[in-house]
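Inspection log for the structure reproduced underneath, given as structure tokens.
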Amino acid sequence: MLNNMNFNNYDLITSIVKEYFQIQESYLREDGSVEFRIIPSKDMKQNFVKLVNNLKKNGFIAFLTKMNEEVVLIAGKITVTRTFGNRVPVILFLLTLLTVIIDGYIRSISFPKYEGWLMTCLYTLSIMGIVLIHEMGHKLTSAKHGAKSSLPYFIPGIPGVIPTLGAVILSSEPPVNRDSLFDLGLSGPLSGLIVSIFVAIGGVLTSPIITIEEFKQLVESGVIIEVKTLDIFTEFLLRLFIKPSSGAGPILSPLLFASSLGFLITFLNLMPAWQLDGGHIARAALGKRWHKLTTYLSIIVMGFLGFWTMAILLLLLSSMRAETRPLDDISPLSKIRKIGFFLTIILAAALFYFTIYNNPIFRLLIATQE
């Protein structure tokens, strides 16, 4: 990322750094970057953000770290700039759209009271909307903090099992500090969660009421399957929007599967592990050493809860690639974000308890309400 520079660049970088920091000493490193010993100040976090923005205008980048208890700033010329094409994201989007449509049709073709293609369209819009809004939350946050990012790279799933594995976006550079790393991690899950809640409400409103006699006929014909228990959140929505009636009950809409998938994606992403969104949040709040510990704890928790595939995948990938490190890894996270870190842990636990635990919708779509 850094390249050899001439002394003109050395002088330019030094003059820019002097605008924001008091320099004790500086020298040219063998890799061509410039290393500064700087005097810490209460405005160091804000000044570093201004410095990075100024350096980027001139084609330079900077890192802030500690060496032997001294604050060290390393700056140099950017030689590798990640560029993002649109072709691959568009192809993956279309492939994922196809797998979601097929999955939606499979789940909707026998759904009573609605035309199969109408429900398929609603289902597709719900799934793609949850994932897209989740990733756009990341993208808008990246733009807010001055970092360029790619279009979402959607990951196709297997129709009839799981329609999509979500999506990812790529950033052109590391977050500037722990605050921006925290915001980047939190923005996606919160955005996707809000959409998932609205989809869940839509799922309840599109769940038709049928009589017990109709229900028994559909069960005997193999069109639907009876479910005895539901997760707490779905139970709450059913009681809120559907008036209880003796001798009748709702058939759960495929949109409730879509919302459940959204809740599951949010829950897993909030786990404080490696490159997950929750991992970015934990890295920003706890630092490198504790982030590694929370990664292993998250893997154990996922395995204990039955998400073995995700746990094994995280274990393998976390040993192959380091966590995301901000350019300024010295300045602490803001107080409000520190509180936010603990709230995200509570949110993840609440999501599991209220929306995932005892949720049969990943296997079964039909339920009755007594």
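Quick check: is even one residue across the stretch 88-98 crowded, with 20+ Cβ neighbours inside 10 Å and β-branched (Val, Ile, Thr)? The answer is yes; a qualifying residue exists. Looking only at residues of the stretch 52-89 that are outside any loop (DSSP other than H, G, I, E, B), in contact with a strand residue (DSSP E or B) (Cβ under 9 Å, 6 or more places away or on another chain) and charged (D, E, K, R), we find that the one that is farthest from residue 331 (Cα to Cα) is 77.
Residues in the stretch 163-184 that are surrounded by fewer than 18 Cβ atoms within 10 Å (Cβ to Cβ) and either more than 19 Å from residue 282 (Cβ to Cβ) or of a type in the set (Ser, Thr, Tyr) (or both): 165, 170, 172.
So that you can scan it fast, the table gives a plain yes or no per residue for (1) of a type outside the set (Phe, Trp, Tyr); (2) surrounded by 17 or more Cβ atoms within 10 Å (Cβ to Cβ); (3) more than 23 Å from residue 141 (Cβ to Cβ):
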position: 276; (1), (2), (3): yes, yes, no
position: 279; (1), (2), (3): yes, yes, no
position: 313; (1), (2), (3): yes, no, yes
position: 316; (1), (2), (3): yes, no, yes
position: 326; (1), (2), (3): yes, yes, no
position: 335; (1), (2), (3): yes, no, no
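Selection over the stretch 188-228 of residues that are in contact with a Leu (Cβ under 7 Å, 6 or more places away or on another chain) and within 30 Å of residue 170 (Cα to Cα) gives a count of 3. The requirement of being more than 20 Å from residue 62 (Cα to Cα), of a type in the set (Val, Ile, Thr) and in contact with a His (Cβ under 9 Å, 6 or more places away or on another chain) is satisfied by residue 169. The test for being more than 30 Å from residue 249 (Cα to Cα), surrounded by 14 or more Cβ atoms within 10 Å (Cβ to Cβ) and among the hydroxyl-bearing types (Ser, Thr, Tyr) does not hold for residue 120.
Here residue 143 fulfils each of the conditions (1) without any contact (Cβ under 8 Å) to a residue 40 or more places away in the chain; (2) surrounded by 20 or more Cβ atoms within 10 Å (Cβ to Cβ) apart from (2).
Of all residues being outside any loop (DSSP other than H, G, I, E, B) and modelled with pLDDT under 95 in the stretch 241-255, which is surrounded by the fewest Cβ atoms within 10 Å (Cβ to Cβ)? Just the residue, please.
Checked the stretch 241-255; the qualifying residue surrounded by the fewest Cβ atoms within 10 Å (Cβ to Cβ) is 241.
Being assigned to a loop (DSSP other than H, G, I, E, B), farther than 21 Å from residue 114 by Cβ and either of a type in the set (Asp, Glu) or in contact with a Ser or Thr (Cβ under 6 Å, 6 or more places away or on another chain) (or both) holds for only one residue in 226, 173, 235, and it is 173.
Looking only at the stretch 9-66, residues that are hydrophobic (A, V, I, L, M, F, W, C) and free of Cβ contacts under 8 Å to residues at least 60 places away in the same chain come to 13 in all.
This table checks each residue for (1) over 28 Å from residue 329 (Cα atoms); (2) at pLDDT below 95; (3) of a type in the set (A, V, I, L, M, F, W, C).
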| residue | (1), (2), (3) |
| --- | --- |
| 118 | yes, yes, yes |
| 126 | yes, no, no |
| 134 | no, no, no |
| 156 | yes, no, no |
| 173 | no, yes, no |
| 189 | no, no, no |
| 200 | yes, no, yes |
| 210 | yes, yes, yes |
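The conditions of being closer than 23 Å to residue 119 by Cβ, part of a helix (DSSP H, G or I), touching a helix residue (DSSP H, G or I) at 6+ places or on another chain (Cβ under 6 Å) and in contact (Cβ under 8 Å) with a residue 60 or more places away in the chain are met by residue 263.
Listed here are the residues, each with its yes/no results for (1) in a helix (DSSP H, G or I); (2) touching a residue at least 12 places away in the same chain (Cβ under 8 Å); (3) of a type in the set (Gly, Ala, Ser); (4) in contact with a Gly (Cβ under 9 Å, 6 or more places away or on another chain).
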position	(1), (2), (3), (4)
257	yes, yes, no, yes
273	no, yes, yes, yes
279	yes, yes, yes, yes
298	yes, yes, yes, yes
325	no, yes, no, no
332	no, yes, no, no
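The values are calculated or read from the model by the stated rules, or taken from the named source; none is laboratory data. Note that this is a predicted model, so its numbers are computed, not measured. Here the Cβ is made from the backbone with ideal geometry for all residues, glycine too, and neighbour counts use every protein chain on show.
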